[in-house]
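Q: To start, I am sharing the structure in question, which I have written as structure tokens.
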Amino acid sequence: MRPAPSIVVFTTLSGAGYGLLFWLGLLRPLGLVPGDAPFAVAALLLALALVTAGLLSSLAHLGHPGRAWRALSQWRSSWLSREGVAAVATYVPAGLLLPALLLGWQGAAAALGLLAAAGAAATVYCTGMIYASLKPVREWRHPLVVPGYLLLAAFSGAALLAMLGAFRGDGAAPMALAILAGAAGFALKRAYWRGIDAAPPVATPESATGLGVIGTVRTLDPPHTETNYLLREMGFRIARRHAARLRRVALAAGFAAPIALLLLALPAGGAAAAALATLAAALALLGLLVERWLMFAEATHTVTLYYPPSAR
Amino acid sequence: MTSLPDPAPGAKKLGLVIDLDTCVGCHACAVNCKEWNTSGHLAPLPDFNPYAAGAEGVWFNRVHAYEAGEGEAGRTVHFPRSCLHCEQPACVTVCPTGASYKRAEDGIVLVNPETCIGCGLCAWACPYGARELDEDAGVMKKCTLCIDRIYNETIPEAQRQPACVLTCPARARHFGDLGDPESAVSRLVRERGGYDLMPEMGYRPVNKYLPPRRRAVAGAPPQEAAPRAEEIANPLLRWVDRVLSR
Ligand code: SF4
Ligand code: SF4
């Protein structure tokens, strides 16, 4: 599947933004992050900026961005519509959280924060389900896809909160959470890649044409001499060599390095901790961009079974 | 509404039956499809870069060719591919806007170009590659089963068939109601062992494909009948025959 930059950027940025919103809403009432208004406002604004940038980037992917509001209508059947509804709904408590924080309404801020956290989790869950519900793409049907979206959003969100906390000299809780989520994400991605490498294809050229009763099916003449939308969109291929290398880059830059930096930042404190945590968050986001790119580039679609093996 | 209509028992299921035995791979169906639909209700079907290298465009029907099997048992098969108007079309249920829908009255799967946002999710959800994005208009397009022909009372009744079916010189394409077990297409499917593409996907296509007929098994090569002795009129030759037959 073609890794459209708008979608890769969207899911990575908004995932991190929702992760940040989630941890802010959850940890603040528990007293695990600085409780003052300026800290929470900064975290909230960063989260909303990331989420909004991501959503705007996803609009760039549409043929008719001006009609995007229509996508809120089919939540009964469509995970994309549910994602849209959840995203819009999350803006309500997240938006009201801002005045609640500024006016110092602690009870309301706690409640709104928890609601926003729930909305953030629901939105990321819907994002994962959009992919996991597509039968023709076996790499996306894998049971670790939805947990992966949730875990990586939690990881990048915690890394961002740790960065903000470190600047205030109080980032221990989100740092610890980011380390845990990062380690879990590392293990999950490795298990996922092992899983998709080992799994058999969902269909074959024989079942796609029904000609398996005669014997092995080979393509003879293509239906068109140039490329087309289907091949550009669904027939994207990267050499296995690059895939293996990029997986290592994602694991090292996206998970291992941020974990190591945060482990150093935990005892450090002060400006050193802030610098280390900032680097950790930046690397995590960069690694996740690579991971998300691979999520598309490595996914295969059954329509390519109709085309020569070089397109698959 | 992108939720699927409840299937009424005995409801019409309009669709195509494609005979892979007789298809000669001439692409006439694909060309006539393009011709009709680029002037029909989904018009235009754009071509991008049409007069230069890298020309490509939107087509609702594409004709592939395959080899199946080895050696003498091997076959060359021409294989037209278009929307199968599935009974469980995830292309419809994933659509966030309601632009994609399946008609309750005849099962045809359509896109409303007025409400489609061109997100492309339906094309991802179709295992068969039946949907193509009109990148000029920013909306998804697909086979309509020539809905603007089959119900069109301004054209003679005999022509109220999909353009691909009418034009096929090999009569390899048949159109009808696959929900009616007694229709001509349903009988054809029964008699010829018509099948679904990628049944493991669970989309339950309405369109069916008829397999290439089994090649007649070649018997022993024909023997030249030898003349019997009494049929040889010339006495000399009769004698030679007797001598040589000993
Ligand atoms: S063939 Fe594809 S586009 Fe047509 S109904 Fe089935 S899933 Fe939808
Ligand atoms: S491209 Fe159009 S028809 Fe397809 S899912 Fe998106 S809105 Fe629906």
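Q: Kindly provide the set of residues from segment B:27-43 that are assigned to a loop (DSSP other than H, G, I, E, B) and in contact (Cβ under 8 Å) with a residue 40 or more places away in the chain, ordered by number.
A: In the first step, residues of segment B:27-43 are kept if they are assigned to a loop (DSSP other than H, G, I, E, B); the result is B:27, B:38-43.
Within segment B:27-43, B:Gly40, B:His41, B:Leu42 meet the criteria.
Q: When you go through A:Leu101, A:Leu115 one by one, which is the residue that is open to solvent by 40 Å² or more (accessible area, probe 1.4 Å) and more than 30 Å from A:Met234 (Cβ to Cβ)?
A: A:Leu115
Q: Next question. Inside segment A:186-224, can you point out the residues that are open to solvent by 60 Å² or more (accessible area, probe 1.4 Å) and within 10 Å of another protein chain (Cβ to nearest Cβ)?
A: Answer for segment A:186-224, where residues must be open to solvent by 60 Å² or more (accessible area, probe 1.4 Å) and within 10 Å of another protein chain (Cβ to nearest Cβ): A:Val202, A:Val213, A:Thr216, A:Arg218, A:Leu220, A:Asp221, A:Pro222.
Q: For B:Leu166, indicate whether it is away from ligand 2 (no atom under 16 Å from the Cβ) and either of a type in the set (Asp, Glu) or open to solvent by 20 Å² or more (accessible area, probe 1.4 Å) (or both).
A: Against the criterion (away from ligand 2 (no atom under 16 Å from the Cβ) and either of a type in the set (Asp, Glu) or open to solvent by 20 Å² or more (accessible area, probe 1.4 Å) (or both)), B:Leu166 qualifies.
Quick grid of which residues meet (1) in contact with a Pro (Cβ under 6 Å, 6 or more places away or on another chain); (2) farther than 30 Å from B:Arg131 by Cα:
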position	(1), (2)
A:Arg241	no, yes
A:Leu264	no, yes
A:Ala275	no, yes
A:Ala280	yes, yes
A:Ala297	yes, no
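Q: Sticking with this one: Which one of A:Gly84, A:Gly25 is open to solvent by less than 40 Å² (accessible area, probe 1.4 Å), within 12 Å of chain B (Cβ to nearest Cβ) and at pLDDT 95 or above?
A: Being open to solvent by less than 40 Å² (accessible area, probe 1.4 Å), within 12 Å of chain B (Cβ to nearest Cβ) and at pLDDT 95 or above holds for just one of A:Gly84, A:Gly25, which is A:Gly84.
Q: Just to be sure, is A:Trp69 at pLDDT below 95, open to solvent by 50 Å² or more (accessible area, probe 1.4 Å) and within 16 Å of ligand 2 (Cβ to nearest atom)? Outline the logic, then answer.
A: Values: at pLDDT below 95: yes; open to solvent by 50 Å² or more (accessible area, probe 1.4 Å): yes; within 16 Å of ligand 2 (Cβ to nearest atom): yes.
Yes: the conditions hold for A:Trp69.
Q: Do the conditions hold for A:Pro34, that is, is it away from chain B (no Cβ under 14 Å), assigned to a loop (DSSP other than H, G, I, E, B) and farther than 17 Å from A:Ile130 by Cα?
A: Against the criterion (away from chain B (no Cβ under 14 Å), assigned to a loop (DSSP other than H, G, I, E, B) and farther than 17 Å from A:Ile130 by Cα), A:Pro34 qualifies.
Q: Could you check A:Thr227 against (1) in contact with a Ser or Thr (Cβ under 6 Å, 6 or more places away or on another chain); (2) facing chain B (nearest Cβ under 10 Å) and say which number it fails?
A: Against the list (1) in contact with a Ser or Thr (Cβ under 6 Å, 6 or more places away or on another chain); (2) facing chain B (nearest Cβ under 10 Å), A:Thr227 comes up short only on (1).
Q: In segment B:44-59, what residues are open to solvent by 10 Å² or more (accessible area, probe 1.4 Å) and in contact with a helix residue (DSSP H, G or I) (Cβ under 7 Å, 6 or more places away or on another chain)?
A: B:Trp59
Q: Under 9 Å between Cβ atoms, at least 6 apart or on separate chains: pull out the pairs that start in segment B:78-98 with a residue that is more than 7 Å from chain A (Cβ to nearest Cβ) and at pLDDT below 95 and end on any residue that is open to solvent by less than 20 Å² (accessible area, probe 1.4 Å) and within 9 Å of ligand 1 (Cβ to nearest atom).
A: none
Q: Are any residues in segment A:277-306 open to solvent by less than 10 Å² (accessible area, probe 1.4 Å) and within 14 Å of another protein chain (Cβ to nearest Cβ), and if so, which ones?
A: A:Phe296, A:Ala299, A:His301, A:Thr302, A:Val303, A:Thr304, A:Tyr306
Q: What helices (runs of 4 or more DSSP H), lying completely within segment A:235-310, carry at least 3 residues that are of a type outside the set (D, E, K, R) and without any contact (Cβ under 8 Å) to a residue 12 or more places away in the chain?
A: Qualifying helices (runs of 4 or more DSSP H): A:257-268, A:270-297.
Q: Something else: Can you find a residue that is within 16 Å of ligand 2 (Cβ to nearest atom), in a loop (DSSP other than H, G, I, E, B) and away from chain A (no Cβ under 14 Å) anywhere in segment B:191-207? Break it down stepwise before answering.
A: As a first pass, look at segment B:191-207 and keep what is within 16 Å of ligand 2 (Cβ to nearest atom): B:203.
Next, only the ones that are in a loop (DSSP other than H, G, I, E, B) stay: B:203.
From what's left, away from chain A (no Cβ under 14 Å): none.
No - not one qualifying residue is present in segment B:191-207.
Q: Taking A:Ala243 as meeting all but one of (1) open to solvent by less than 20 Å² (accessible area, probe 1.4 Å); (2) at pLDDT 95 or above; (3) away from chain B (no Cβ under 14 Å), write down the number of the exception.
A: The single condition A:Ala243 does not satisfy is (2).
Q: Might you let me know whether segment A:8-18 holds any residue that is open to solvent by 40 Å² or more (accessible area, probe 1.4 Å), touching a helix residue (DSSP H, G or I) at 6+ places or on another chain (Cβ under 7 Å) and of a type outside the set (Gly, Ala, Ser)?
A: To start, the set of residues in segment A:8-18 that are open to solvent by 40 Å² or more (accessible area, probe 1.4 Å) comprises A:9, A:13.
When the remaining residues are screened for being touching a helix residue (DSSP H, G or I) at 6+ places or on another chain (Cβ under 7 Å), the result is A:9, A:13.
So of that shortlist, the ones also of a type outside the set (Gly, Ala, Ser) come out as A:9, A:13.
Looking through segment A:8-18, at least one residue is open to solvent by 40 Å² or more (accessible area, probe 1.4 Å), touching a helix residue (DSSP H, G or I) at 6+ places or on another chain (Cβ under 7 Å) and of a type outside the set (Gly, Ala, Ser).
The values are calculated or read from the model by the stated rules, or taken from the named source; none is laboratory data. Values in this document were obtained by computation on a predicted structure and should not be read as measured data. Ideal geometry is used to build each Cβ from the backbone, glycine not excepted, and the neighbour counts take in all protein chains shown. Areas reflect the complete protein model, heavy atoms only, side chains present, ligands, DNA and RNA absent. Shrake-Rupley method; radii C 1.70, N 1.55, O 1.52, S 1.80 Å.
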